[in-house]
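Every number here is computed from the coordinates shown, using simple stated rules; none is lab data. Just so it is clear, the structure is predicted and the values come from calculations on it, not from any experiment. Positions of Cβ are backbone-derived with ideal geometry, glycine not excepted, and every protein chain shown enters the neighbour counts.
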Amino acid sequence: MKKGKVDPRFRIAHREALIGVGLVIFNFIWWFGFAYGLGGKSPDSYSYILGLPAWFFYSCVLGFIVMAVLVTVIVKFWFVDVSFDEEGGDGS
């Protein structure tokens, strides 16, 4: 790689890192919204799904499933296989 020329792998890594940060932020908002939104009530008023409080089911169980699907889809369709060779390109 010549001096002054930006390696396209850095651009790809930067984009994929931003996607990862976006997924983490989405996961936290999902978890926080359901855990403290539904779980902020009195325990006497909780509703239950499969024997779990609804806030726990939506924030932890369903949240995990949603995030697993999102990460799988994003990695499969948006992430790029990048070569680690010095003359590597965009992996295409």
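Evaluate the relative contact order of the chain (contact order divided by residue number), counting alpha-carbon pairs under 8 angstrom at least 6 apart; express in whole percent. Relative contact order here is 31 percent. Ordering S47, V69, H14 by the projection of their Cα atoms onto the charge dipole of the chain, which places +1 on the Cβ of Lys and Arg and -1 on the Cβ of Asp and Glu, puts H14 at the extreme positive end. When only alpha carbons are used to place a centre, region 53-79 and region 9-30 end up 15 Å from one another. Put simply, the amide H of I49, placed in the peptide plane, has neighbours under 5 Å in A54, leaving out anything fewer than 5 places away on its chain. Under the convention that each Lys and Arg Cβ holds +1 and each Asp and Glu Cβ holds -1, the size of the dipole of the chain around its Cα centre is about 260 debye.
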